[in-house]
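Presented below is the structure to which this report refers.
Just so you know, all these numbers are worked out from the coordinates, no wet-lab data involved. Everything numeric here is computed off the predicted structure, so don't read it as measured data. So basically every Cβ, Gly included, is an ideal-geometry build from the backbone, and we count neighbours across all protein chains shown.
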Amino acid sequence: MSHDAQQAFGLPGTSKAADASASDRPVSEVATLRLEAGIAEIVVDAPPVNALGQVVRDALITMVRWCDAEPAIGAILLRCAGRTFFAGADIREFGKPPLAPSLPDVVNEIEACGKPVIAAIHGTALGGGLEVALACHYRVAVGTARMGFPEVKLGMLPGAGGTQRLPRLVPMEEALKLMTSGAQIGAAEAASIGLVDLVVYGDLRTAAFSAAQKMARSAEPPLRTSHRHDVLAKARTDPGMFDRFLEANAKRFRGLDAPAAIVAAARAAVDRPQEEGFALERSLFVSLRDGGQAAALRHVFFAEREAAKIPGLPADVQGRTIDAVGIVGAGTMGSGIAINFLLAGLPVVLVDTDEAALDRGLSHISRTMEQGVSQGRIDSVNGEKAVALLSSSLDFAALAEADLLIEAAYETMDVKCDIFSRLDAVARSGAVLATNTSYLDVDKIAAVTKRPQDVLGLHFFSPANVMKLLEIVRAEKTADDVLATAIAVAKRIGKVPVVAGVAYGFIGNRMLHVRRKAVENLLLAGVDLYRIDAVVEAFGMPMGPFRMYDLAGLDLGWSKVASTGATIQERLCERNRRGQKTNAGYYDYDDKRRPSPSQFVRDLIREFVAERGAPPMTLSDDQIRERLLFPMINEGYRILDEGKAFRASDIDTVWINGYAWPARTGGPMYYGEQLGLDHIISSLEGMGLADTIASGLRSAVRSAFRVT
């Protein structure tokens, strides 16, 4: 490391004592080992996030062993250069054979060291990085540091002693929450529960070095985390805690393997000898790592990152600068979209031609911000800053200086084309114009402007300030730099971007439309609607199609004047059963909007089916699931055939982040491949859908799934 770099990271100059033993000291391309006043300082520098890959692990274990054997060293200070402490495993090693030394070997070596090891934590200490910190004998964190165990989100558990060491430092209930949620906590909270020994708001290195000197002078040997039993003593008095925790989180853990394994491993820390606890953790880790859910979740992990890589988009294309945003339409969607940009620190002007609608939108934004602050999801200072960035107007002229303009008006072509004609007249040259349409032809919308190269679709999902997905619809004439801008904007506001081509419903809603037709066919075949919902929810979706229809409102697009009773939905609306808003739709709802089956609806559907004379069918739950999901998978292949999506994994990303498809299955396309495409083809043929089967599905395209 250069002298300038040493100064930048607060490293002391090399002393004569350090020079004297420099020839014996281990060296590494990713770490430096320096001596000062009896303290050995190991500084890992492996950009961008100091991931714990094989080279880093090897450097750590080698340097700790050398320090442990060096008589002149009284303590070891372990820290990282750059923007973060160890942020976790090296994703390049995911799904590959393990390389020595293993992370458990490294953390065990750190904990067993006869010299006290002090961790200096900044940035994030996640997963294996936090396990390294747990193995140290003392933890100092800067006030802005964050810590967590995200392994559960990849279908795994902390496998380097995390399930055994964490409950020896923090109360068991807090340990279970942290490991099964995958959430991050700040340094102050970490200190309050015992995870961190010292929080500093000044110079981290100075405070950690001082702590190392103090521990070096102590006559007491370092206290190893795995040898601590004081915190565990309380957990041993309440053995029922684990079952209560699983019961309280049953809905959240449904269908997932990792949370139950985490609880089992943590329970072992309480009721088994130390060696058995560590052995059980390792056994469960290997079982999860090699299991189907972890493989599916790794696919999801890489798929989200791959989605932002656009084939054919020049690598050197520069996006346009976005410093101000204008939004047309102050409804629920428009105001939700505005919240994203406000929280990202971008000024927003919200425009609506209806004053009452504008007032409602502003109130919605204000209430959402206040709720976010009260619930701790939004920092109060950031919330105040965000609200201060919002302005509103009834005049389109207020949009003249915006760099990005988003239309979020009614889902009709006439309305959207009228708005884009007006935007074309007031928007500055070079501004990006986006429509939030869910289904409509973006090419037709772009054609009403004199700048179609500046137009694209930005399809947010409701609630727009919560849902992660942003479908970016690339129109025929959308410029490369406009597409690059949209991808950058998505990341800036915390969304997962997926690029789609122009087609009815794009990717997600196009497949949803196919499922809706499959649902109608099942009803006509005499399948009970509540059984359909139960099958979908058992698969892992948060709600079945009929509960979803009720939530959205059955009267969307319905007109009392034009209604003819030609569909079940029309007949329900005619009887003022319009969903949750009227406490009656496909379900009956109580005052707390809890659903219950309706005999009235069952009778109405039976009457509707009898009028059409369709022969009833007897179907198993598996057959119902296949009739719902397999046509969707087939439609995904049709989307690929037509070039409306770049990769099968992009389709998976859409459905997981926009429609709550269970991530543990990898998404619809990955799920289909795991079942076997031949089986899907055979089933579709058995449903009488042979003529609709996509060519890509028939040719069993496998390359579409190879995400790297």
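For K491, go through the lysines and keep the ones whose alpha-carbon is under 16 Å away, minus same-chain ones fewer than eight residues off.
K309, K468
Can you give the angle from 0 to 90° between the axis of helix 413-426 and the longest principal axis of the chain, with both taken from C-alpha atoms, to the nearest 10?
60
Please list, in chain and number order, the residues 5+ apart from I378 or on another chain whose amide H is under 5 Å from its amide H, with Hs placed from the backbone.
V373
So, counting K/R as plus one and D/E as minus one, what does the shell of residues with Cβ under 13 Å around G329 add up to?
Summing Lys/Arg as +1 and Asp/Glu as -1 gives -2.
Loop only per DSSP, at most 16 neighbouring Cβ atoms within 10 Å: give me the trypsin sites (Lys or Arg not before Pro) in the range 348-426, ordered by residue number.
Here the trypsin sites (Lys or Arg not before Pro) that fit, given the DSSP loop and packing criteria, are R377.
Lys/Arg Cβ at +1, Asp/Glu Cβ at -1, dipole of the range 623-667 taken about the Cα centre: which of W655, Y637, T665 is farthest positive-ward?
T665
Using Cα atoms only, what is the angle between the long axis of helix 599-612 and the major principal axis of the chain, expressed in degrees (0 to 90) to the nearest 10?
For helix 599-612, the angle is close to 50 degrees.
Which one of A386, G553, V170 is farthest out on the positive end of the charge dipole of the chain, using unit charges on Cβ (Lys, Arg +1; Asp, Glu -1) and the Cα centre as origin?
V170
Under 18 Å between alpha carbons, and skipping anything fewer than 8 positions from K581 in its own chain: which lysines qualify?
By straight Cα distance, K581 reaches K560, K592.
For S218, what is the net charge nearby, where nearby means another residue's Cβ is under 15 Å from its Cβ and Lys, Arg count +1, Asp, Glu -1?
Charge balance near S218 sits at +2.
Which order do the peptides 460-468, 305-313 take when ranked by the mean count of other beta-carbon atoms within 10 Å per residue, highest first?
460-468, 305-313
Give me the aspartates and glutamates in straight-line cross-link reach of K214: C-alpha distance below 16 Å, same-chain residues under 8 apart excluded.
E36, E41, D197
Taking the Kirkwood radius as the inverse of the mean 1/r across Cα pairs, report the Rg/Rh of the range 435-530.
Details: Rg = 16.2 Å, Rh = 14.7 Å.
Dividing the radius of gyration by the Kirkwood radius yields 1.10.
As I understand it, the value is the acute angle between the Cα axis of helix 508-524 and the longest principal axis of the Cα atoms of the chain; what does it come to in degrees, rounded to 10?
60
Net charge near G613: determine it from the other residues with C-beta under 15 Å of the C-beta of G613, scoring Lys and Arg +1 and Asp and Glu -1.
Working: positive: R606, R612; negative: E607, E611.
Taking every Cβ under 15 Å from that of G613, the sum is 0.
Which cross-chain or sequence-distant (5 or more) residues have an amide H under 5 Å from the amide H of V199, H modelled 1.01 Å from N in plane?
A141
For the range 35-131, which trypsin sites (Lys or Arg not before Pro) are in a loop by DSSP, counting at most 16 other Cβ atoms within 10 Å? Numbers along the way, then the final one.
Details: sites: R57, R65, R79, R83, R92; in loops: R83.
Sparse-neighbourhood loop trypsin sites (Lys or Arg not before Pro): R83.
Provide V387, V117, V231 in ascending order of the number of other Cβ atoms located within 10 Å of each residue's Cβ, fewest first.
Exposure proxy ranking, most exposed first: V387, V231, V117.
Taking the beta-carbon count within 10 Å as an exposure proxy, list D621, D352 from fewest neighbours to most.
The most exposed by this proxy come first: D621, D352.
Would you work out the charge dipole size for the range 528-612 about its Cα centre, treating the Cβ of every Lys and Arg as +1 and the Cβ of every Asp and Glu as -1, and quote it to the nearest 20 debye?
Once rounded to the nearest 20, the dipole reads 140 debye.
Got a sec? How would D257, D441, D243 order by Cβ neighbour count within 10 Å, fewest to most?
D243, D441, D257
Would you kindly state how much longer the chain becomes between Q453 and A552 on full extension, computed as 0.36 nm times their sequence separation minus their alpha carbon distance, in nm to one decimal?
My answer for the length gained is 32.3 nm.
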